[in-house]
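Data first, discussion second: the structure below is written as structure tokens.
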Amino acid sequence: MTDQPKAPQTAEGQALFPYCTELRSKKLTFARQPPRTEEDILDASNRCWCARTMQTLGPDDELVRPDECQSGRTCFRGVL
């Protein structure tokens, strides 16, 4: 088992950038930094997709949504 570097965290110990780097949305197209909140990702359409599958289902066949695409999911790729 290899140790992965720890993602940047806030003073409270929460991930600074909690969402998978493969999460995509129209709003993220114009982002200048990784999203920190759902509002940074979702626009009025509330649509997002996975860059790995190019679908609304991720590689693990689960829905792609900001509240789902976080650490702990088997396909999660975080910001280091």
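The values are calculated or read from the model by the stated rules, or taken from the named source; none is laboratory data. Please read all numbers here as calculations on a predicted model, not as lab measurements. Quick reminder, even Gly has a Cβ in these numbers, built from the backbone with ideal geometry, and neighbours come from all protein chains shown.
When restricted to residues that are more than 13 Å from the chain's Cα centre (by Cα) and assigned to a helix (DSSP H, G or I), segment 28-80 contains 2. Looking across E22, E38, one residue alone is more than 15 Å from R77 (Cα to Cα), touching a Pro at 6+ places or on another chain (Cβ under 9 Å) and modelled with pLDDT of 90 or more. It is E38.
If the condition is being of a type outside the set (D, E, K, R) and under 18 Å from D40 (Cα atoms), then segment 57-80 contributes V64, P66, C69, Q70, S71, G78, V79.
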